[in-house]
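First, the structure itself, so that you have it in front of you.
Derivation of every value follows stated rules applied to the coordinates shown; laboratory data play no part. The structure presented is a predicted model; accordingly, all values stated were derived computationally and were not measured. Cβ: placed from backbone, ideal geometry, glycine included. Neighbour counts: every protein chain shown.
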Amino acid sequence: MNKKYVAIGLVAALLAGAVFYKKTHEASINVLATTDIHGATSRAMIKYVEDKRKNGEADLVVDSGDFWGSETYEMQEWFDGTRPTFDENGRVRFYGKDLDGDGFNETDSDINGDDIPDMIVEKIGEPREGQAPLIRDLERMKFDSVTLGNHEFVENSQEEFDYLVNELNKANISVLSANLYNNKTNKNVVKPYIVKEIKEGPNTIKAAVLGLTLPEVAEPYKWEEGKERPTYTGDYSLSSLEQYNNQYRLDDLVKEANKWAKYIKENENPDVVILTVHSGEEPKKPRHPGNRVKEIARTVEGIDAIVAGHTHITIQEHEFKNEKTGKEVLVTQPSARGGGISDIDLNLKKKDGKWTVVSAKSKVHEFDIFDGSKVDYEKTPMSEVYKKGYRL
């Protein structure tokens, strides 16, 4: 046999072997994450997620809390079962009489007795009737999980909280909070984490998503009759929210992160662990003690990436070296009110039969959506503002 052809055959075989090795020993997964959207999904967000899925990406879509709220007029209509009415000039119609022709009613506009002028509204249904627009959009984007934030507790009664969890479960969206316990049974109120097997070519990557909620969920202020300003009480605890009748508690964030990261490693043996936590990087003031993401990244072993929240800021990517493993832990935070989404890539290599995250990167993709704070209300009719802010 010609030595030249033998050499060529050997090179081809080596190259084929190298390609096969790379395919079976290297993989990457893509995670999309939101936080603090407060009910404000947008067409741009939906398109971004759906396009990523069409391209074979978006292996996980997750949220880090405070997803519930009325930041769009569509959600406000769902909560109230009404919508405002407008006059011929596009101004909101109020009860009462306009005595000086300036467009504002000076008399008889407060019909509820709360010293606030009341709008003339159109009834469109019952309050909270049917599926909430937010849940409709999360279901369409096929969110894998959402983590409870403080607003999921503050903005709901016990009955409304239970309804919210049930509706999300019906939409196949897991509700997470590993440190939320029932005081009577000491059992988790919702799922602590989820595990998803992700197919990447010939490989299967096992990813765990752990959810945690900062214990400081309440507003630590008390209004007293006769005082113009509330009194600071310092009590952020879930037990101070009377609507829950002290049924639930939220345990320490860092201790629970340690507990559950260890549990997941021992019982699930995942290749990747992502923490979605409703907490900022670090406390800026003594009155805001719940932000402990940096502490978790540095002291808790077994977490590859963290999606932070609560503080309404944008973090493209920060890295903190874990004191126990020496590995860098990625932290990202995707803005607020539907303004952005974190696009995270985790690259893995297999050694001795075990997948390990070898690099991680994140970029917050920002959406060009309607911002009511930038509207010139002297020039723009409120009816136009309402249309633009109805669904972002």
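Spelling out what I want: for every residue of the range 228-233, take phi, set θ = phi - 60°, compute 6.51 cos²θ - 1.76 cosθ + 1.60 (Karplus), and round to whole Hz; glycine and proline get x.
For the range 228-233, the Karplus-derived couplings read 7, 10, x, 9, 6, 9 Hz, x marking Gly and Pro.
Here's a follow-up. Output the peptides 185-198, 289-302, 32-45 sorted from most to least packed, where packing is the average of other Cβ atoms within 10 Å over each peptide's residues.
My ranking of the peptides, most packed first, is 32-45, 289-302, 185-198.
Å³ per residue of the Cα convex hull, for the range 333-373?
Output value, Cα hull per residue: 64 Å³.
Taking 2.2 N^0.38 Å as the expected size of a compact globular protein, what ratio does the Cα radius of gyration of the range 121-259 give against it, to two decimals?
Here the answer is 1.27, to two decimals.
Right, something else. With point charges of +1 on the Cβ of Lys and Arg and -1 on the Cβ of Asp and Glu, referenced to the Cα centre of the chain, which listed residue (Asn322, Thr380, Trp68) lies farthest in the positive direction of the dipole?
After comparing all options, I get Asn322.
Ok, one more. For Tyr248, what residues show an amide H to amide H distance below 5 Å, using hydrogens built from the backbone and excluding near sequence neighbours?
The answer is Asn183.
Using +1 at the C-beta of Lys and Arg and -1 at the C-beta of Asp and Glu, which of Leu176, Gln247, Val293 has the Cα lying farthest in the positive direction of the dipole of the range 175-330?
Gln247
Need one number: the % of Cα-Cα pairs in the range 172-241 sitting beyond the 16 Å mark.
Taking all Cα-Cα pairs of the range 172-241, the fraction more than 16 Å apart is 67 percent.
Okay, next question. Once the Cα atoms of helix 158-170 and of the chain are each reduced to a long axis, what angle between those two axes, in degrees from 0 to 90 to the nearest 10, is obtained?
Relative to the chain, helix 158-170 is tipped by roughly 40 degrees.
Consider all pairwise Cα distances in the range 212-272 and report the whole-number % of them above 19 Å.
52 percent
What per residue convex hull volume, in Å³, do the alpha-carbon atoms of the range 252-392 yield?
In the range 252-392, the Cα hull volume divided by residue count equals 144 Å³.
Let me ask something additional. With a bin width of 5 angstrom, please list the P(r) values of the range 182-300 as percents of all Cα-Cα pairs, from the 0 bin to the one holding the largest distance.
2, 9, 16, 18, 16, 14, 10, 6, 4, 3, 1, 1, 0, 0
Quick one: angle between helix 253-268 and the longest Cα principal axis of the chain, in degrees between 0 and 90, rounded to 10, please.
40 degrees
Something else about it: Each residue of the range 87-92 in turn: what ³J(HN,Hα) in whole Hz from Karplus with 6.51, -1.76, 1.60 and θ = phi - 60°, glycine and Pro shown as x?
Those phi angles translate into 8, 5, 9, x, 8, 5 Hz.
Considering the convex hull of the alpha carbon atoms of the range 163-209, report its projected area averaged over all viewing directions, in nm², one decimal.
4.3 nm²
Can I ask one more? Quick one: what are the phi-derived ³J(HN,Hα) couplings along the range 379-392, Karplus 6.51/-1.76/1.60 with θ = phi - 60°, whole Hz, x for glycine and proline?
Running phi through 6.51 cos²θ - 1.76 cosθ + 1.60 with θ = phi - 60° gives 10, 10, x, 4, 5, 6, 4, 5, 5, 6, x, 5, 9, 5 Hz.
Let me ask something else about it. Report the semi-axes of the equivalent ellipsoid for the chain in whole Å, largest first, where each axis is √(5λ) for an eigenvalue λ of the Cα gyration tensor.
Working from the Cα gyration tensor, I get semi-axes of 46, 27, 18 Å.
Sequence neighbours fewer than 8 away in the same chain don't count; with that in mind, list the lysines whose C-alpha is under 19 Å from Lys265.
Result set, ordered by chain and number: Lys191, Lys196, Lys206, Lys255, Lys324, Lys327, Lys349, Lys350, Lys351, Lys354.
Can you compute the charge dipole magnitude of the chain about its Cα centre, using +1 on each Lys and Arg Cβ and -1 on each Asp and Glu Cβ, nothing else charged? Give it in debye, rounded to the nearest 20.
Its charge dipole is roughly 3200 debye.
A further question on this structure: In degrees from 0 to 90, rounded to the nearest 10, what is the angle of the helix 43-54 Cα long axis to the longest principal axis of the chain?
20 degrees
Going by how many other beta carbons lie within 10 Å of each one, how would you line up Lys123, Lys349, fewest first?
Lys123, Lys349
Based only on Cα atoms, what mean projected area does the convex hull of the range 275-316 have, in nm²?
For the Cα atoms of the range 275-316, the hull's average projected area reads 3.1 nm².
Quick one: which residues, 5 or more positions from Ser145 or on another chain, have an amide H under 5 Å from its amide H? H modelled 1.01 Å from N in the peptide plane, none for Pro or chain starts.
Correct list: Val61, Asp63, Ser174.
Please list, in chain and number order, the residues 5+ apart from Arg292 or on another chain whose amide H is under 5 Å from its amide H, with Hs placed from the backbone.
Amide H neighbours of Arg292, under 5 Å, 5+ apart: Gly280.
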